[in-house]
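**Q** Got a structure here, written out as structure tokens. Questions coming.
Each reported figure results from applying straightforward, stated rules to the coordinates on display, with no laboratory input. Computed from a predicted structure; not experimentally measured. Note that we place each Cβ from the backbone using ideal geometry, even for glycine, and neighbour counts take in every protein chain shown.
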Amino acid sequence: MRALQTPMVTISLIHATSASVGLSLPPDTCASKLVRQVQGFPYNRIVRLLALLLAALPLPAATIAIQDVTLIDVASGTARPHMTVIVDDGKVTRVGPALSTPVTHAISGKDKFLMPGLWDMHVHLYYKQYLPLFVAFGVTGVQDMGSDFSKVSAWRDEIEKGTAVGPHIITSGPPVDGGKSDDPKLPVLIARTGDQARQAFDKLYKLDVDFIKVLSNLPRDAYFALAEQARHWDLRMVGHIPANVTAQEAVEARQKSLEHMFGITKSVSSDDQALRFFERCTLTGTRVDPTLVLWLRMSHLDDTRLMSDPQLKVVPASIRGTWPDVSDDSYSLKIQVWRIYRLVALAKQAKTEILAGTDTGDPYVIPGAALHDELEQLVEAGLTPREALEAATLAPARFFETEKEMGAIEKGKLADMVLLNANPLENIRNTRNIEGVLTHGRYYGRKELDAILEGRS
């Protein structure tokens, strides 16, 4: 991940004699990358950003206490009443049933529920105006699946320095595909051969992207060359399954997540085959991000609700004005939708980890609000409310290998939290009933969140 300030990387080489040698190398040199690889050190860019976040928070930061609240433990699916959570400098410092600590800002949690901040694992950050809207809907982190890397990097720096409101951002930069993009907002790197794929990888690695995103028209040779480089340099490759690659081949190539379920339906023809496929995903650690709300949009099964949603007004009129009219020519997709929901249920049965994503950036998608739609659709597909919450909290933390830094409300973790007026474990729709959001060391009460939604912040 692109760091805020990383002029040098220091690595300690431990030999059989237990002697250690400190070695400082610029992070973009081949030598430093080789040392990291030889030592088996996971050069985790996401951990690097999360560690530096705390140093980037504006000082002095307030000590915040959320008192007498019911804490939602997503891992166990339990609600722990009468808890107090203390936050210092954007980090949880204490969690307990009754804590007496001097605080700058005390928040009553009486009759309320505190859950971890949500992650939308599939967005496209085309518009800066969307960033505060994510926070207003309790989404404190997003995985950007392709956009203008220079713009998004600048926005991310502003957010992490506390000069702008928005979620934590993990970004791929330009995706890799076999031809030009037909969307000017989504630049791509073109790779039609293995050599071109390796060159694309080098460009992305030099940009210091957080992961590699592939699209549907990437040729086979280019795909497998890119996958080989990603494995070699320990950089996640995620995205679509290319049209001429089977789902099974993508898993064996160690693609880390399969987006939208594209390519799975043509690779498995029965429930038994699907179960075997997902069992293999579980063994290899391959995740699936079904983006069920995208399937509803593509099949036009949800047009009436989408076009009449009163929350559309939170999207600036200048953006809504660019959206095309809805036209339904999707009969074949309507037939497929039931199969996608069935695949989600089978993935759950095989214990494949499911991620919650929305493809925000598309027309008629409300940033932040769409993730609540996705959580509800995951429950419709067979997940419990706890499992749906897991897909947007603990599952992203495990995917990023940052379980020690995020994903739950525990001492030592980032204080990304959402205060609710109802229990989301009882009804997943309760995630919408937001009283406040805490992220980047700042608490946003209901009035502040409403100001964001009304464009007054």
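**Q** Just the number, please: percent antiparallel of the DSSP beta bridges in the stretch 302-457, rounded to the nearest 5.
**A** Bridges in the stretch 302-457 that DSSP calls antiparallel: roughly 90 percent.
**Q** Find the centroid of the Cα atoms in the stretch 165-190 and in the stretch 222-260, then give the distance between the two in whole Å.
**A** A separation of 17 Å, based on Cα centres.
**Q** Let me ask another. Could you give the Stokes-Einstein D for the stretch 269-419 in µm² per second, using the C-alpha Kirkwood radius, 25 °C, 0.890 mPa s?
**A** Approximately 144 µm²/s, per Stokes-Einstein.
**Q** Does the stretch 413-457 classify as rounded, prolate or oblate by the C-alpha gyration tensor (a ≥ b ≥ c root eigenvalues; a/c under 1.5 gives rounded; else a/b over b/c gives prolate, otherwise oblate)?
**A** oblate
**Q** Taking the mean number of other Cβ atoms within 10 Å as a proxy for protection, how do you rank 201-207, 132-138, 234-240 from highest to lowest?
**A** Averaged packing, sorted descending, gives the order 132-138, 234-240, 201-207.
**Q** For the stretch 236-296, what mean projected area does the convex hull of the alpha carbons give, in nm²?
**A** Values: hull surface 16.2 nm².
One quarter of the hull surface, i.e. the mean projection, equals 4.1 nm².
**Q** How do Tyr364, Tyr223 rank when sorted from fewest to most other Cβ atoms within 10 Å of their own Cβ?
**A** Going from least to most buried by this count: Tyr364, Tyr223.
**Q** Once you have a ≥ b ≥ c as the square roots of the Cα gyration tensor eigenvalues for the stretch 203-357, tell me rounded if a/c is under 1.5, and otherwise prolate or oblate according to whether a/b is larger than b/c.
**A** It is oblate, given that a/c is not under 1.5 and a/b is not larger than b/c.
**Q** Between Glu252 and Ala75, what is the label-to-label distance in nm when each label sits 7 Å out along the Cα-to-Cβ direction?
**A** So the two model labels end up 3.6 nm from each other.
**Q** Using 1/(1 + (r/R0)^6) with R0 = 35 angstrom and r between the beta carbons of Ala154 and Glu403, what's the FRET efficiency to the nearest 0.05?
**A** 0.75
**Q** Then there is this: Classify the stretch 116-417: rounded, prolate or oblate, from the alpha-carbon gyration tensor (a ≥ b ≥ c, eigenvalue square roots; a/c under 1.5 rounded; otherwise prolate if a/b is larger than b/c)?
**A** rounded
**Q** Now for a different question. Can you pull the Rg over Rh of the stretch 122-275, Cα-only, Kirkwood?
**A** A ratio of 1.01.
**Q** If each residue of separation counts as 0.36 nm, what is the full-extension length gain between Arg198 and Asp309 once their alpha-carbon separation is subtracted?
**A** 35.5 nm
**Q** Still on this model: Determine the distance separating the Cα centre of the stretch 61-120 from the Cα centre of the stretch 383-449; give it in Å without decimals.
**A** Result: 11 Å between the Cα centres.
**Q** Still on this model: Could you compute the net charge surrounding Gln67? Neighbours are other residues with a C-beta less than 13 Å from the C-beta of Gln67; K and R count +1, D and E count -1. Working shown, then result.
**A** Numbers: positive: Arg94, Lys110, Lys112; negative: Asp68, Asp111.
Net charge in that neighbourhood comes out at +1.
**Q** Fewest to most neighbouring Cβ within 10 Å: what's the order for Thr352, Thr304, Thr84, Thr63?
**A** Ascending number of Cβ neighbours within 10 Å: Thr304, Thr63, Thr84, Thr352.
**Q** What FRET efficiency, computed as 1/(1 + (r/R0)^6) with R0 = 35 Å and r the Cβ-Cβ distance, is obtained for Arg280 and Arg320, rounded to the nearest 0.05?
**A** Result of the calculation: an efficiency of 0.25.
**Q** Sort 263-273, 373-383 by the packing proxy (mean of other Cβ within 10 Å over each peptide's residues), most packed first.
**A** 373-383, 263-273
**Q** How would you rank Glu448, Glu390, going from fewest to most other Cβ atoms within 10 Å of each one's own Cβ?
**A** Glu448, Glu390
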